[in-house]
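Computed from the coordinates by the stated procedures, all read-outs in this text should not be read as laboratory data. Please read these numbers as outputs of a predicted model, since none were measured by experiment. Reconstructed Cβ throughout: ideal geometry from the backbone, glycine too, with neighbour counts over all protein chains shown.
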Amino acid sequence: MQKIANEEKVNRIHMKPYADCKCAIGQDWYHIQFDVEFLPGKWYPDYMEVSRFVADDISGQVLNIEQAVERLWSFLDNTYCPAFLRVKAVVDACITHFPVEVEKWGGGNDA
C-alpha cells in the first residue's frame, strides 16, 4: 500500500466509497454508502488503493454492516495511521429491515 506523505499539511479528507454486500444475518444483498472523515497524520491515502480495497475486500462479501465498517476502519487506520478517523455506513435499501447507520470513530494512531 502506498502512503503519501502529508507534505501539504492537509487537515481533512472526506471520502464516499460504496459497496454491495450480502448480510451474514439476514442473507439479503444490500448497498452500503460509506462516509469517511479522515484527518491525516504523517500520511494520507492513495484513493485508488482505498477504492481497490473496498472493491476486493468488502464489496461482494458476506458481511453485516458492522463488519463492513470494521473492515474499512481497520484498513485505513492500520495502513495510513490517521490522527482521527470516522467511518460511517448508511444502508437504506435493504429488503429485510429499515434504514440503518453505523459509525466508528477515534484516532491518534499516528505512528
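Are any of the residues in the range 53-75 under 20 Å from Glu8 (Cα atoms) and out of contact with any His (no Cβ under 7 Å at 6 or more places or on another chain)? Write out each step before concluding.
Of the range 53-75, the ones under 20 Å from Glu8 (Cα atoms) are none.
There is no residue in the range 53-75 that is under 20 Å from Glu8 (Cα atoms) and out of contact with any His (no Cβ under 7 Å at 6 or more places or on another chain).
Please enumerate the residues belonging to the range 1-17 that are free of Cβ contacts under 8 Å to residues at least 40 places away in the same chain, exposed (fewer than 14 other Cβ atoms within 10 Å of the Cβ) and touching a strand residue (DSSP E or B) at 6+ places or on another chain (Cβ under 9 Å).
Answer for the range 1-17, where residues must be free of Cβ contacts under 8 Å to residues at least 40 places away in the same chain, exposed (fewer than 14 other Cβ atoms within 10 Å of the Cβ) and touching a strand residue (DSSP E or B) at 6+ places or on another chain (Cβ under 9 Å): Ala5, Glu8, Val10, Asn11, Arg12, His14, Lys16.
Can you pull out every residue in the range 73-105 that is assigned to a loop (DSSP other than H, G, I, E, B) and closer than 17 Å to Ile32 by Cα? Break it down stepwise before answering.
Taking the range 73-105 first, the residues assigned to a loop (DSSP other than H, G, I, E, B) are 81-83, 92-99.
Residues satisfying the conditions are Asp92, Ala93, Cys94, Ile95, Thr96, His97, Phe98, Pro99.
In the range 38-80, what count of residues is obtained for those that are closer than 17 Å to Val102 by Cβ, out of contact with any Lys or Arg (no Cβ under 6 Å at 6 or more places or on another chain) and in contact (Cβ under 8 Å) with a residue 12 or more places away in the chain? Don't jump to the end; show me each part of the working.
Here is the first cut: in the range 38-80, the ones closer than 17 Å to Val102 by Cβ are 54, 58-59, 61-77.
If we keep only those that are out of contact with any Lys or Arg (no Cβ under 6 Å at 6 or more places or on another chain) as well, we get 54, 59, 61, 63-68, 70-72, 74-77.
Checking the rest, the ones that are also in contact (Cβ under 8 Å) with a residue 12 or more places away in the chain come to 54, 59, 61, 63-68, 70-72, 75-77.
Residues flagged as closer than 17 Å to Val102 by Cβ, out of contact with any Lys or Arg (no Cβ under 6 Å at 6 or more places or on another chain) and in contact (Cβ under 8 Å) with a residue 12 or more places away in the chain within the range 38-80 amount to 15.
Counting only residues that are of a type outside the set (A, V, I, L, M), surrounded by fewer than 17 Cβ atoms within 10 Å (Cβ to Cβ) and part of a loop (DSSP other than H, G, I, E, B), how many does the range 18-39 have?
3
Going through Phe84, Phe75, Phe53, Phe98 one at a time, which residue ends up being in contact with a strand residue (DSSP E or B) (Cβ under 8 Å, 6 or more places away or on another chain) and of a type in the set (Phe, Trp, Tyr)? Give the steps one after another, and end with the answer.
On the way: Phe75 fails: in contact with a strand residue (DSSP E or B) (Cβ under 8 Å, 6 or more places away or on another chain); Phe53 fails: in contact with a strand residue (DSSP E or B) (Cβ under 8 Å, 6 or more places away or on another chain); Phe98 fails: in contact with a strand residue (DSSP E or B) (Cβ under 8 Å, 6 or more places away or on another chain).
Of Phe84, Phe75, Phe53, Phe98, the one residue that is in contact with a strand residue (DSSP E or B) (Cβ under 8 Å, 6 or more places away or on another chain) and of a type in the set (Phe, Trp, Tyr) is Phe84.
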